[in-house]
Structures are given as structure tokens and as C-alpha cells.
1. Out of everything in segment 51-71 that is in a loop (DSSP other than H, G, I, E, B) and within 8 Å of Ile38 (Cβ to Cβ), what residue ends up being nearest to the chain's Cα centre (by Cα)?
2. Inside segment 19-33, can you point out the residues that are aliphatic (A, V, I, L, M), more than 24 Å from the chain's Cα centre (by Cα) and under 14 Å from Leu86 (Cβ atoms)?
3. Could we say that Glu203 is among the charged types (D, E, K, R), surrounded by fewer than 19 Cβ atoms within 10 Å (Cβ to Cβ) and over 13 Å from the mean Cα position of the chain (by Cα) here?
4. Out of Asn232, Asn245, I need the residue that is outside any strand (DSSP E or B) and at positive phi. Which one?
5. Any idea which of Thr291, Thr246 is modelled with pLDDT of 95 or more, buried (at least 21 other Cβ atoms within 10 Å of the Cβ) and under 27 Å from Gly198 (Cβ atoms)?
6. Inside segment 269-297, can you point out the residues that are outside any loop (DSSP other than H, G, I, E, B) and of a type outside the set (Lys, Arg)?
7. Just one of Ala125, Ala155 is in contact with a Pro (Cβ under 6 Å, 6 or more places away or on another chain) and within 11 Å of Phe95 (Cβ to Cβ); which is it?
Amino acid sequence: MAYRLSELSRLLGVPRDGDGDPEIRSAAGIAEARTGDITFAENGRRIADLEHSGASAAVVGADVACKLPVLRAENPRATFTRILQLFAPEITDVFPTGIHPTALVHENAELGDVASIGAYAVIGAGVKIASGVRIGSHVVIEPGVQVAADCLIHAHVTIRERCRLGRQVILHPGAVIGSDGFGFHPGPEGLVHIPQIGIVVLEDRVEIGANSCIDRATTGETRIGAGTKIDNLVQIAHNVRIGANTAISAQTGISGSCVVGDGVTMGGQVGMGDHLSLGDGVKVAAKSGLTRDVPSGQTVFGYPAVEFRRGFKLVALTHRLPEFLKRLIRLEEILGVKDEES
């Protein structure tokens with residue numbers, strides 16, 4: 001599919017500027033863009049990079065000078081996202097329509113107008129799947145699971161028994177929903193497994209990245225709030241409750257019974273100790289270790305995580321420790337103080 005820049009201007013409701021009306025066949029980043037591509041830039045350094053881009057056009061802010069033909073947008077990133085949606089592959093290319101003959105669907109499963117079930121998928125007894133759901137190859141949906149309308153479940157996902165998915169949930173390849181929580185207690189013959197009889201609930205528009213795991217509750221629910229996005233390789237333990245529109249980056253681990261508020265942002269490789277609470281709007285910098293509750297609206301950094309300005313100051317001081325040690329030794333020499341350990 002291809003569009004003239006003028007067509008994109010009309011479709012997106014943003015003005016066009018510059019010479020020419022190039023044909024746009026795809027979208028790309030600044031560095032890899034070639035003839036026929038449209039790219040975007042939203043800050044000074046990236047705008048300067050446009051001078052060397054091979055793109056045919058760009059999406060920029062209202063007052064940005066650019067040699068390329070441009071679309072001028074108040075929010076270039078949001079406009080570029082809409083362009084990506086125009087060029088995204090058709091969903092039927094990924095999920096062919098219909099039920100593959102090798103799929104195993106239990107006779108007691110209830111299927112609405114399911115759009116697609118891929119090769120070697122397994123649908124268990126009592127599963128309820130609403131209309132418009134697309135299920136990739138080798139997916140396993142165990143007994144009693146409920147899947148609401150228009151979900152996308154990519155290849156090799158496992159959804160264990162009785163878990164519930166809201167509308168428009170997206171599960172990327174290898175995600176596991178409802179595996180047992182890590183619950184054991186010491187007994188006379190070693191660690192005793194605590195049965196995990198709860199479930200996982202994913203509310204509407206939740207997205208779970210590849211190979212992430214959401215553990216079922218010991219009792220009750222592990223719940224992920226509406227619109228929350230979870231990256232690849234994230235571990236969410238049993239009985240965790242995460243609010244709406246929260247973003248959690250890759251390799252983060254959230255321990256059991258934690259509560260995470262609405263609109264929280266967590267960078268990559270964050271670790272969160274058990275039974276902690278993060279208020280609404282909290283921001284956690286990458287590689288931080290959370291050992292205490294964090295009130296709403298705070299930004300924290302470090303291990304243990306502290307208010308971010310203090311955290312960066314502590315890091316800066318740590319890097320100066322060799323200098324401080326030399327100064328201390330010199331002062332001891334001047335004062336005639338001997339190291340008792342020497």
C-alpha cells in the first residue's frame with residue numbers, strides 16, 4: 001500500500017509543508033529510512049539527523065525547519081504512530097481466518113464467532129471464547145478459562161485453568177498466564193508446596209510481552225488493571241494487584257502481594273520486594289531495588305530506591321570515594337594519626 005504525502009495529510013488531519021508530494025510506501029527510523037519512507041523527529045538532536053536521512057518525508061513539529069517535505073504535527077510521535085498503523089501488516093497475515101484442522105477444541109468449549117485458531121492449539125473443557133478472538137499456533141488454553149472479545153493470543157502462549165481475560169488483551173509469544181505462585185513452607189521433610197487455588201484476571205486492553213509470567217494467586221486474584229502494558233521477560237508474582245495504564249519494562253520482577261497503583265512507570269530490571277505498595281503515578285528508574293512503600297507521585301532511583309535527586313547524588317559521591325580516601329590518608333599523615341589496622 002502506498003500514499004501520497006497529501007493523502008496522509010488529509011487522512012491524519014495535519015498540514016503538509018515543503019516542495020513535492022512524494023509517494024510514501026512505508027515508515028522507518030531516521031537512520032534506516034530510504035526513498036519511499038516517511039520518518040519523524042521530535043527533539044533537537046533527532047531533528048539535526050534529518051539532514052542526513054534518506055527518507056522521502058518526515059513528521060515534525062509546527063516550527064521545525066527541514067529540507068524534506070513534511071507533515072507538521074503538534075505531537076509528531078502520536079502522528080507517526082497513526083502512520084505505522086496504516087502500514088502495519090493485515091491481521092489475517094499473522095492469524096489466518098478459521099480454525100486449523102490440527103487444533104484440538106474440547107467439545108464443551110464455547111466459541112463465539114472466533115476469528116482464528118492456529119495449528120496445534122489446544123482449547124480445554126469449559127473454555128469460553130468470545131467473538132473476534134485470534135489464537136496463534138501451539139497456544140494452550142486450559143479448562144474454564146474465559147476470553148473476552150477481540151483478544152490477540154500469539155503462538156506458544158499458555159493460559160492456565162480458570163483465568164480470565166478482558167476485551168482486546170494482547171499476549172505475545174511464550175507468555176504464561178496463571179502459573180503457580182512461588183509458595184512453600186518448611187516441613188519436616190523439606191519445603192512443602194502451598195496449593196495456589198486463585199486465578200489471574202487481565203482487564204481490558206492489557207498487553208503482556210513475550211515470555212513474561214503472571215502467577216496465579218494463592219487465593220483470590222492476581223489482577224492487572226485496564227490498559228496496563230508489560231514488557232518481555234517480566235515476572236509478576238502471586239496476589240499482586242497492578243492498577244490501570246501502568247507501564248512495566250523488561251526484566252522487572254514484582255514479588256508476591258505487592259500493590260502497584262494507576263499510571264506507574266517502571267524502568268527495566270526493577271526489583272520489588274514482597275508486600276510493598278507503589279502509589280499512583282510513581283516513576284521507578286531502571287535497575288532500582290524497592291524495599292519500602294513509595295507514595296503517589298514520587299520518582300525513585302537506586303538500591304535501595306530513594307528519591308531520585310538524592311539517589312543520583314549518592315551515586316556521584318560513591319564515584320568520588322577514591323578521591324576522598326586519598327584526602328583522608330593525607331590528613332591522617334599531617335595529623336600523625338596511625339591506622340590501627342596497619
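The values are calculated or read from the model by the stated rules, or taken from the named source; none is laboratory data. Here the structure is a predicted model, which is why all the values come from computation and not from measurement. Note that each Cβ is placed from the backbone with ideal geometry, even for glycine, and that neighbours are counted across all protein chains shown.
1. Within segment 51-71, the match that is nearest to the chain's Cα centre (by Cα) is Ala55.
2. Residues of segment 19-33 that are aliphatic (A, V, I, L, M), as a first pass: 24, 27-28, 30-31, 33.
Next, only the ones that are more than 24 Å from the chain's Cα centre (by Cα) stay: 24, 31, 33.
The one that is aliphatic (A, V, I, L, M), more than 24 Å from the chain's Cα centre (by Cα) and under 14 Å from Leu86 (Cβ atoms): Ile24.
3. So Glu203 fails the test.
4. On the way: Asn232 fails: at positive phi.
Exactly one of Asn232, Asn245 is outside any strand (DSSP E or B) and at positive phi, namely Asn245.
5. Values: Thr291 fails: buried (at least 21 other Cβ atoms within 10 Å of the Cβ).
Just a single option satisfies the conditions, and that option is Thr246.
6. Keep residues of segment 269-297 that are outside any loop (DSSP other than H, G, I, E, B), which gives 271-272, 277-278, 283-284, 289-290, 294.
If the condition is that a residue be outside any loop (DSSP other than H, G, I, E, B) and of a type outside the set (Lys, Arg), then Gly271, Met272, Ser277, Leu278, Val284, Gly289, Leu290, Val294 are the ones that fit.
7. On the way: Ala125 fails: within 11 Å of Phe95 (Cβ to Cβ).
Testing whether each residue is in contact with a Pro (Cβ under 6 Å, 6 or more places away or on another chain) and within 11 Å of Phe95 (Cβ to Cβ) leaves just Ala155.
Here's the yes/no breakdown for (1) at pLDDT below 95; (2) out of contact with any Phe, Trp or Tyr (no Cβ under 8 Å at 6 or more places or on another chain):
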{"residue": "Leu5", "(1), (2)": "no, yes"}
{"residue": "Gly20", "(1), (2)": "yes, yes"}
{"residue": "Glu74", "(1), (2)": "yes, yes"}
{"residue": "Phe80", "(1), (2)": "no, no"}
{"residue": "Phe87", "(1), (2)": "yes, yes"}
{"residue": "Glu90", "(1), (2)": "yes, yes"}
{"residue": "Ala103", "(1), (2)": "no, no"}
{"residue": "Ala115", "(1), (2)": "yes, no"}
